[in-house]
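First comes the structure, then the notes that go with it.
Bear in mind these aren't lab numbers, they're just calculated from the coordinates by the rules spelled out. These numbers come from a predicted model, not from an experiment. Heads up, the Cβs are rebuilt from the backbone with ideal geometry, glycines too, and the neighbour counts pull from every protein chain shown.
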Ligand code: ARG
């Protein structure tokens, strides 16, 4: 995670960002701390990346890379405003010998557009494209990580990253909002995950799919009340965290957490 010390909305690269409304930096930091203590309180280890001035979106650390079983596929941001974030993430992985870091050739925004399901079909990667990550990066990720990569086309600009429309609930189960995907990609998801927890547009707009799950606890935005009920009915424990300020940049829980898979 990376604290939102330099968080602002000074450019708009997704429909949620409104540069005319000032963000409450103090509140953003307080809410971020709450997310961090929620995760550590549940027994998770959180590494903190140093925030850098001039990189207001750095708090969305999920976009910086994607790791599977010790191999890290680096990010390459679409927009120049975020390009330098990839360097900070790369330095984090290079500093620890346990990681094998591979720099990317193709545009991809890390865990924003990649999800890993270790228990599904022997371990598969779900990958989004249409707004940020290039389909060519899906093929590159498959070569780097040695796991089947299933390409899914995102069609709604409000849900511009895969992690705004789909989440892993545990090693083999997912939840997603079908309307964020092309009809063909909806067909693919229905075939692969017939038992998925289906979300609706309201859940997705409350950033209810932008969640982090450890297989038991599902940490999600406070606004996503209905989504909390859905995951509870599916056998998980919803844990709500208020991230209203981070939503102004177009992100929530998942965007703020880069999961490490050593
Ligand atoms: N303002 C950031 C952007 O548009 C938000 C990134 C959200 N991150 C995510 N994993 N969906 O790039």
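Just check the stretch 204-262 against the gyration tensor rule for me: Cα atoms, a ≥ b ≥ c as the square roots of the eigenvalues, rounded for a/c under 1.5, and otherwise prolate or oblate depending on whether a/b exceeds b/c.
oblate
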Practice problem: Just check the chain against the gyration tensor rule for me: Cα atoms, a ≥ b ≥ c as the square roots of the eigenvalues, rounded for a/c under 1.5, and otherwise prolate or oblate depending on whether a/b exceeds b/c. | Solution: rounded
Quiz item: How big is the antiparallel share of DSSP beta bridges in the stretch 175-258, given as a percent to the nearest 5?
Solution: 20 percent
Quiz item: How far apart, in nm, are the 7 Å Cα→Cβ label points at residue 21 and residue 96?
Solution: 3.6 nm
Practice problem: Could you work out how far apart the two model spin labels at residue 233 and residue 105 are, taking each label as a point 7 Å from the Cα in the direction of the beta carbon, and quote it in nm? | Solution: 4.7 nm
Quiz item: Taking the mean number of other Cβ atoms within 10 Å as a proxy for protection, how do you rank 237-243, 72-78 from highest to lowest?
Solution: 72-78, 237-243
Quiz item: Taking the chain as a Gaussian network, Cα atoms linked when under 10 Å apart, which of 123, 208, 251 shows the biggest mean-square fluctuation?
Solution: 123
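Kindly rank 106-118, 56-68 from highest to lowest mean number of other beta carbons found within 10 Å of each residue.
Details: 106-118: 24.2, 56-68: 25.9.
Ranking, from highest mean packing down: 56-68, 106-118.
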Quiz item: In terms of the Cα gyration tensor, with a ≥ b ≥ c the square roots of its eigenvalues, is the stretch 1-99 rounded because a/c is under 1.5, prolate because a/b exceeds b/c, or oblate?
Solution: oblate
Quiz item: DSSP beta bridges in the stretch 25-256, what fraction antiparallel, as a percent rounded to 5?
Solution: 50 percent
Exercise. Rounded to the nearest Å, what's the spacing between the alpha carbon centres of the stretch 65-99 and the stretch 1-54? Just the number, please.
Key: 18 Å
